[in-house]
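The values are calculated or read from the model by the stated rules, or taken from the named source; none is laboratory data. Since this is a predicted model, take the numbers as computed values, not measurements. Every residue, glycine as well, gets a Cβ built from its backbone with ideal geometry; the counts of neighbours run over all protein chains shown.
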Amino acid sequence: MRRSVKKIIMGYFILLSMCFILFMFYVFVGQEYVYAKKYANTLLEFDIPEKTEVIEQDFDYGVLYGGGPWGSGGYPTVAAYQKVKTNLSERDLFEHYNTKDFEIYFEGTEEVQKNGKGQIWYEGSIKNKRALSAEQNHEQTIEAVIQYRKEFSYPFFIDLY
């Protein structure tokens, strides 16, 4: 009888240990991804205007990622982007995406940045609203990069870098 009680207690101990290890794995690894994905979805789930097609989209995150010359202050930065092809004018596309804190780079004004970990984001010059073309592109499409960058934090934030 005593052996079976010891086995049951040992089984519960092993089960609780496994649950604790899984919880700690979530805290240190998975939680950051969940919060980064939530912020990235601000762009990735944003309505795409008519006559526009997404040709590429992705997001990535990390400490000291995409912070530019200002740095990220030790907080993770999420960088989500969409490359779009559209028949809309530059001004129409700008006005559609300008409702949020999105960076809009038209073809030729963007430069791909890459850090040592292979993470990419875009830098470049954002055109002034008055310099944008209002001409519709019926026959030829234009390409643009829409990017959303944000520093974020989350509960149990522990900087492992």
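Here are a few things to note about the model shown:
- Scanning region 90-128 for residues that are farther than 13 Å from residue 147 by Cβ, among the acidic types (Asp, Glu) and either surrounded by 14 or more Cβ atoms within 10 Å (Cβ to Cβ) or free of Cβ contacts under 8 Å to residues at least 12 places away in the same chain (or both) gives 90, 92, 95.
- Set side by side, the residues 98, 87 differ, and just one is in contact with a His (Cβ under 7 Å, 6 or more places away or on another chain) and under 19 Å from residue 50 (Cα atoms), which is 87.
- Only residues that are part of a strand (DSSP E or B), at pLDDT below 90 and under 30 Å from residue 134 (Cα atoms) were counted in region 66-88, giving 1.
- Qualifying residue in region 123-140 (condition: within 23 Å of residue 32 (Cβ to Cβ) and at pLDDT 85 or above): no
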